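**Q** Quick one: this structure, given as structure tokens, is what I'll be asking you about.
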Amino acid sequence: MHDDRRPPRTRSLSTWTTRRWLRVGVALSLTVLAALGLTGAWVLQRTENISVELVDTRSPALTSSFRLEAAMLNQETGIRGYGLTGNPDFLEPYRRGLADQAAYTARLAELLPGEAQALGDLTAVKAAIATWQEKVARPIAAEPPGAPSPLVASLSTDGQASFDAVRTAMTAQQDRLRADRAASRDALTSTFDLRNWIFTAIAAVIALLTVLVFEGLRRGINQPLEQLGSDARRIAVGDFEHPITATGPADLRRLSGEIDFMRRRLVRELAFTEEARVRLDAQAADLQRSNTELEQFAYVASHDLQEPLRKVSSFTQLLQRRYGGQLDARADQYIDFAVDGANRMQTLINDLLDFSRVGRVLHTTVEVDLEETFERALDALSVSVQEAGADITHDPLPALVADSTQMGMLFQNLIGNAVKFRRPGEQPRIHVTAEREGPLWRLAITDNGIGIAPEFADKVFVIFQRLHTKEAFGGSGIGLAMCRKIVEFHGGTITVDPDHRDGTRIVFTLAAEPQHTPGASTLPEAVRAGTGAERQAP
């Protein structure tokens, strides 16, 4: 039966939380302290009662008995002197003794209420006194003064016996009162000893409770928290495989379990992150290899593809100059188609080469004055600007750290588009603004051209995406895609302002300081040598 009941008790105690342990410990401590306090109060009360009894009853009663005895001696002395001499002065001690007798007997009766033996002794004393007074004192005191009383001789024997009876009764009373006082004194001494032992025990129990409380707090709270803190610090410094040891009350064990669950989850997340990092490294290596291949392709396209294309373009132009007008109209049309296609192909290849070089071919970032960049872009576009009669203005432009070549390409493309996509019959008006926004410069190029519909605001920045036919507006469809690549390479963004209605407003941001070191690279010499060898083979 006992073995069957122990496991539930263990499980019950194992589920106790810190708050419950503290409540039970405080309740037990208060119960023990209350019991000790009640015991101490009882001892103090008993000490006080015995002290009061000894001081207010036993000692005064014995003193009153002695004084009663003295009063009786005064009476006996006065009666004897009066009887022998007849001198009335001897009656004065007798009368004073009578008054004292009445007072002290009344005092003794007052001090000894409810004590049968003591009151019996008092009754015996009073009876003996009454007998002596009746037989001796009153008859002698009634004799006339002036001469010795004849009763002295006749009552001397009976008087002595009666007064001896008084003395015997009073001696018995005093012996009992002495014994009672000694008993009270012994009880007081015993109570003092008991009080000292009890208060010593109270001090010892309080000290024991203090030790138990501190030891319980140390083992139940401090040690588990220190263990938890030690485990957490080991995990914090990188030992994620170290388990959290669950100790202490149920709530601390539950907290340790939750932290250990977080640790295990963190281990799983770290393992997943490490696996993802390995995959990303592999993808980055593949991407780097792909970028290198694209760079090689761009290099080959810029050299090996342009050479035969220049030959095709040159010979078609020779055909056009030599045989133009000598063949029929259809032949002239075919020659024009060939020349135009070769020229557009060459333009497309050059644009693709420029697009691939943005952010790839290494250029040193320097402080670029956008005022000068803007002026160079206008010089490059001077012919088309003059033909269109465009009015181009700008606010003060900042200087920033960037790739000067790419900044020139950016302004040239954006201003060139603003001139190209103008409204027929209306003078193009183009304005460039710049304002600082924290670490970025926000620039805007606004024109009064044909505008861009909101649904095409993102499409125009995708390579080869055109909103018009090449017959309406020339171009390769790469310009705005190149602008986006340049802006993003310099830590900014570029968008079409959807709120601008009268024309187009291109808004872009540029970092005042370089956000990263361009990750471009040049072709290895072996690649250059290989392509050169292929170009020289014919």
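**Q** Does A276 meet the test of being modelled with pLDDT of 70 or more, open to solvent by less than 60 Å² (accessible area, probe 1.4 Å) and in a helix (DSSP H, G or I)?
**A** When the stated conditions are applied, A276 passes them.
**Q** With V55, V32 as the choices, which residue is farther than 28 Å from R178 by Cβ and either in a helix (DSSP H, G or I) or in contact with a strand residue (DSSP E or B) (Cβ under 9 Å, 6 or more places away or on another chain) (or both)?
**A** On the way: V55 fails: farther than 28 Å from R178 by Cβ.
Only one candidate passes the filter, namely V32.
**Q** Another one. Within segment 38-60, how many residues are free of Cβ contacts under 8 Å to residues at least 60 places away in the same chain and of a type outside the set (S, T, N, Q)?
**A** 8
**Q** Condition first: touching a Phe, Trp or Tyr at 6+ places or on another chain (Cβ under 6 Å), β-branched (V, I, T) and surrounded by 17 or more Cβ atoms within 10 Å (Cβ to Cβ). Can you find one or more residues in segment 73-86 that meet it? It would help to see each step written out before you state the result.
**A** Narrowing segment 73-86 to residues touching a Phe, Trp or Tyr at 6+ places or on another chain (Cβ under 6 Å): 75-76, 78-79, 81-82.
From what is left, the residues that are β-branched (V, I, T) are 79.
So of that shortlist, the ones also surrounded by 17 or more Cβ atoms within 10 Å (Cβ to Cβ) come out as 79.
Yes: one or more hits.
**Q** Hey, another quick one. Please tell me if D164 is at pLDDT 90 or above, assigned to a helix (DSSP H, G or I), surrounded by 11 or more Cβ atoms within 10 Å (Cβ to Cβ) and not β-branched (V, I, T).
**A** Here the answer is no, as D164 does not meet what is asked.
**Q** Quick check on my filter: what residues within segment 96-143 are surrounded by fewer than 19 Cβ atoms within 10 Å (Cβ to Cβ) and farther than 23 Å from S162 by Cβ?
**A** R107, E110, P113, G114, E115, A116, Q117 - these are the residues of segment 96-143 that are surrounded by fewer than 19 Cβ atoms within 10 Å (Cβ to Cβ) and farther than 23 Å from S162 by Cβ.
**Q** Which numbered condition in (1) part of a helix (DSSP H, G or I); (2) under 27 Å from A183 (Cβ atoms) is the only one that G114 fails?
**A** So the condition that G114 fails would be (1).
**Q** Return yes or no: is R234 farther than 28 Å from V24 by Cα and open to solvent by 80 Å² or more (accessible area, probe 1.4 Å)?
**A** Working: farther than 28 Å from V24 by Cα: yes; open to solvent by 80 Å² or more (accessible area, probe 1.4 Å): yes.
Yes.
**Q** Taking the criterion of being modelled with pLDDT of 85 or more, more than 48 Å from the chain's Cα centre (by Cα), closer than 17 Å to L443 by Cβ and not in a loop (DSSP other than H, G, I, E, B), would at least one residue in segment 506-515 satisfy it?
**A** yes
**Q** Follow-up. So L209 passes all but one of these: (1) over 30 Å from L111 (Cβ atoms); (2) more than 41 Å from the chain's Cα centre (by Cα); (3) among the aliphatic types (A, V, I, L, M). Which condition number does it fail?
**A** (2)
**Q** State which residue pairs qualify: first residue under 17 Å from L22 (Cα atoms) and open to solvent by less than 70 Å² (accessible area, probe 1.4 Å) and inside segment 239-265, second residue of a type outside the set (F, W, Y) and assigned to a loop (DSSP other than H, G, I, E, B) in any location, beta carbons under 8 Å apart, and separation of 6 or more residues or different chains.
**A** If the second residue must be of a type outside the set (F, W, Y) and assigned to a loop (DSSP other than H, G, I, E, B), the pairs left are P249/T17; A250/T15; A250/T17; D251/T17; L252/A246.
**Q** Those residues that are of a type outside the set (A, V, I, L, M), at pLDDT 85 or above and loosely packed, with under 14 Cβ neighbours inside 10 Å, I need them from segment 18-41; list them, please.
**A** Correct list: T31, G37.
**Q** I'd like the residue in segment 214-231 that is of a type in the set (A, V, I, L, M) and free of Cβ contacts under 8 Å to residues at least 60 places away in the same chain and, out of all such residues, is surrounded by the most Cβ atoms within 10 Å (Cβ to Cβ). Lay out the reasoning, then the answer.
**A** Of segment 214-231, the ones of a type in the set (A, V, I, L, M) are 217, 221, 225, 228.
Retained after the next criterion (residues that are free of Cβ contacts under 8 Å to residues at least 60 places away in the same chain): 217, 225, 228.
Working: L217: 15, L225: 15, L228: 21.
Looking at residues that are of a type in the set (A, V, I, L, M) and free of Cβ contacts under 8 Å to residues at least 60 places away in the same chain, I get L228.
**Q** Mind telling me which of the residues A388, A418 ends up being farther than 21 Å from V496 by Cβ, out of contact with any Phe, Trp or Tyr (no Cβ under 6 Å at 6 or more places or on another chain) and either touching a residue at least 60 places away in the same chain (Cβ under 8 Å) or hydrophobic (A, V, I, L, M, F, W, C) (or both)?
**A** A388
**Q** Do any strands (runs of 3 or more DSSP E) entirely within segment 364-470 hold 3 or more residues that are surrounded by 19 or more Cβ atoms within 10 Å (Cβ to Cβ), and if so, which?
**A** 440-447
**Q** It is to be established whether one or more residues within segment 61-70 are of a type in the set (V, I, T) and at pLDDT 90 or above.
**A** Yes: segment 61-70 contains one or more residues that are of a type in the set (V, I, T) and at pLDDT 90 or above.
The values are calculated or read from the model by the stated rules, or taken from the named source; none is laboratory data. Keep in mind that this is a model prediction, so the values were computed, not measured. Virtual Cβ from ideal backbone geometry, glycine too; neighbours counted across all protein chains shown. Just the protein is used for accessible areas: all its heavy atoms, side chains included, with ligands, DNA and RNA removed. Shrake-Rupley method; radii C 1.70, N 1.55, O 1.52, S 1.80 Å.
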